[in-house]
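**Student:** Sharing a structure with you now.
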Number of protein chains: 2
Amino acid sequence: MAEDAKCPDCKRINEVLTRVGDRWSVLVVISLAEYGTLRFNELKRHLGISQRMLSLTLKELERDGLVSRTYHAVIPPKVEYALTELGQSFREPVKVLGVWALDNLATIDAARAAYDAQSEEQAKSA
Amino acid sequence: MAEDAKCPDCKRINEVLTRVGDRWSVLVVISLAEYGTLRFNELKRHLGISQRMLSLTLKELERDGLVSRTYHAVIPPKVEYALTELGQSFREPVKVLGVWALDNLATIDAARAAYDAQSEEQAKSA
């Protein structure tokens with residue numbers, strides 16, 4: 001990405017948002033914030049996410065230091081996920097984003113419907 | 001996506017985050033919030049984003065009702081982008097997310113370095 005003097009922080013913000021700004025990460029953080037500790041399959045059921053996508057998301061969140069992974073050597077083995085201290089601090093921005101999303105879902109739906117109707121009109125008259 | 005009684009809002013939050021939660025959308029909103037009105041090429045230079053990705057991002061933001069597109073019939077034609085009222089209301093959650101990202105960039109970088117070093121160790125000893 002090109003650097004620009006007008007937006008010195010863009011590149012750095014971008015780096016972080018690439019990881020923590022994606023929707024599945026946000027939903028995993030919300031779930032762990034709500035339930036404390038969850039196992040892989042609990043998260044999977046809870047979010048309705050595919051095995052592969054959840055595995056990827058958890059690995060990235062663990063790498064970024066937002067989520068901890070604890071392996072319990074019992075039979076059968078148990079792996080649990082929870083928020084780290086950094087993950088806890090991410091709850092507030094995530095909550096603000098989630099609340100905004102819910103508050104404005106109807107408005108966004110209406111905007112999309114209007115946009116699509118207009119695009120269809122234009123396609124017909126073209 | 002499967003619905004789950006434990007997370008009735010997941011699906012709806014997910015729908016919105018799919019669009020508004022991606023990093024380029026966030027950076028476009030930050031830029032328009034800062035500068036008011038920008039032309040396509042100004043945004044492109046400012047963000048160091050590809051033509052194709054900016055075009056896609058603006059189209060989605062316009063469809064979601066967050067960004068307005070104004071065509072001025074001058075020579076050469078001028079197209080300007082700005083935040084709508086809904087886009088303005090999105091500034092607050094975006095700001096909270098951006099501030100958190102900047103505050104925690106160093107911590108995340110350190111976590112990634114530690115994770116990668118450990119993964120390398122494990123690969124060697126495997």
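The values are calculated or read from the model by the stated rules, or taken from the named source; none is laboratory data. Model, not experiment: these values are computed from the prediction. Counting neighbours? That spans all protein chains shown, and the Cβs are built from the backbone with ideal geometry, glycine included.
**Student:** Does region A:96-111 hold any residues that are buried (at least 16 other Cβ atoms within 10 Å of the Cβ) and not β-branched (Val, Ile, Thr), and which are they?
**Tutor:** A:97, A:98, A:100, A:101, A:104, A:111
**Student:** Give me the residue from region B:36-49 that is within 13 Å of another protein chain (Cβ to nearest Cβ) and within 22 Å of residue B:76 (Cα to Cα) and, out of that set, surrounded by the fewest Cβ atoms within 10 Å (Cβ to Cβ).
**Tutor:** Within region B:36-49, the subset within 13 Å of another protein chain (Cβ to nearest Cβ) is B:38, B:41-49.
If we keep only those that are within 22 Å of residue B:76 (Cα to Cα) as well, we get B:38, B:41-46.
Values: B:38: 19, B:41: 11, B:42: 15, B:43: 19, B:44: 17, B:45: 15, B:46: 22.
Per the criteria, the residue is B:41.
**Student:** Right, next: Looking at (1) in contact with a helix residue (DSSP H, G or I) (Cβ under 8 Å, 6 or more places away or on another chain); (2) without any contact (Cβ under 8 Å) to a residue 60 or more places away in the chain, find the lone condition where residue A:94 falls short.
**Tutor:** Exception for residue A:94: condition (2).
**Student:** Which residue pairs have Cβ atoms under 8 Å apart, sit 6 or more places apart or on different chains, and have a first residue in region B:46-66 that is free of Cβ contacts under 8 Å to residues at least 60 places away in the same chain and a second that is among the basic types (Lys, Arg) and not in a helix (DSSP H, G or I)?
**Tutor:** Correct list of pairs: B:46/A:6; B:58/B:69; B:62/B:69.
**Student:** Would you check if there is a residue in region B:91-111 being outside any helix (DSSP H, G or I) and either within 24 Å of residue A:104 (Cβ to Cβ) or at pLDDT 90 or above (or both)? Break it down stepwise before answering.
**Tutor:** Step one: list which residues in region B:91-111 are outside any helix (DSSP H, G or I), which gives none.
Checked region B:91-111: no residue is outside any helix (DSSP H, G or I) and either within 24 Å of residue A:104 (Cβ to Cβ) or at pLDDT 90 or above (or both).
**Student:** Still on this model: Looking only at residues that are within 12 Å of another protein chain (Cβ to nearest Cβ) and among the hydrophobic types (A, V, I, L, M, F, W, C) in region B:69-100, which one is nearest to the chain's Cα centre (by Cα)?
**Tutor:** Residue satisfying both the conditions and the ranking: B:94.
**Student:** Just name the residue that is surrounded by the fewest Cβ atoms within 10 Å (Cβ to Cβ) out of those in region A:67-88 that are within 15 Å of residue B:108 (Cα to Cα) and touching a residue at least 24 places away in the same chain (Cβ under 8 Å).
**Tutor:** To start, the set of residues in region A:67-88 that are within 15 Å of residue B:108 (Cα to Cα) comprises A:67-68, A:83-88.
Of the ones still in play, those that are also touching a residue at least 24 places away in the same chain (Cβ under 8 Å) are A:67, A:83, A:87-88.
Working: A:67: 23, A:83: 21, A:87: 23, A:88: 14.
Among those residues, the one meeting the criterion is A:88.
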